[in-house]
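Participant: Take a look at the following structure, please.
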Amino acid sequence: MMEILGMKKFVLKYSFMFIGGVIMFILNYSWLNNVLIPDPCYYHFHNPNVVMELFYDFGSSSNNHPEPNLINLLFTISFGLIIGYYTFKFLNVR
């Protein structure tokens, strides 16, 4: 009986983490990018700051418009996993 409860807890914890990662991915690529970059053509004539260069690529394939890079993806998903984990811990205590 304890083994089944432990397995349910394990599945529930990783489900919360997965859902948190997916929600953060969707929020980042649908809403947050539009908030952070209201005018992508701004970077045609202005240099991006260090944070923008860290999380976005400015390549010729996108006509020098900012595109999220791998660091942005990993940071977004990691943040979502952490939020999902702590949501599980908060709801599990109750």
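The values are calculated or read from the model by the stated rules, or taken from the named source; none is laboratory data. Values in this document were obtained by computation on a predicted structure and should not be read as measured data. Neighbour counts are summed over all protein chains in view; Cβ atoms, including those assigned to glycine, are modelled from backbone coordinates with ideal geometry. Ligands, DNA and RNA are stripped out before the accessible areas are found, and what is left, the full protein with its side chains, is counted by its heavy atoms. Shrake-Rupley method; radii C 1.70, N 1.55, O 1.52, S 1.80 Å.
Participant: Probe of 1.4 angstrom, ligands and nucleic acids ignored: what's the accessible area per residue over the range 35-94, in square angstrom?
Facilitator: On a per-residue basis, the range 35-94 sits at 73 Å².
Participant: Specify the angular offset, from 0 to 90 degrees and rounded to the nearest 10, of the alpha carbon long axis of helix 2-27 from the longest principal axis of the alpha carbons in the chain.
Facilitator: That works out to roughly 20 degrees.
Participant: Turning to a different aspect of this structure: Tell me, rounded to the nearest percent, the portion of alpha carbon pairs in the chain spaced more than 17 Å apart.
Facilitator: Tail fraction, whole percent: 59.
Participant: For the Cα atoms of the chain, what angle does the longest principal axis make with the long axis of helix 70-93, in degrees from 0 to 90, nearest 10?
Facilitator: 30 degrees
Participant: 222 nm [θ] for the chain, helices only, -39500 (n - 2.57) per DSSP H run of 4+, per residue, to 500?
Facilitator: Computed ellipticity for the chain at 222 nm equals -21000 deg cm²/dmol.
Participant: Which FRET efficiency, nearest 0.05, do Ser78 and Ile4 yield, Cβ-Cβ r, R0 30 Å?
Facilitator: E(calc), rounded to 0.05, equals 0.45.
Participant: Using 1/(1 + (r/R0)^6) with R0 = 22 angstrom and r between the beta carbons of Asn34 and Lys89, what's the FRET efficiency to the nearest 0.05?
Facilitator: That pair, Asn34 with Lys89, gives E of 0.10.
Participant: OK, next. List the relative contact order of the chain as a percent without decimals, with contacts defined as Cα pairs under 8 Å and 6+ residues apart.
Facilitator: 45 percent
Participant: Mind ordering 32-45, 56-69 by average Cβ neighbours within 10 Å, highest first?
Facilitator: The packing order, highest mean first, is 56-69, 32-45.
Participant: Ignoring any ligand, DNA or RNA, what whole percent of the accessible area of the chain comes from carbon and sulfur when the probe is 1.4 angstrom?
Facilitator: Using a 1.4 Å probe with all protein chains present, the chain comes out at 70 percent carbon and sulfur.
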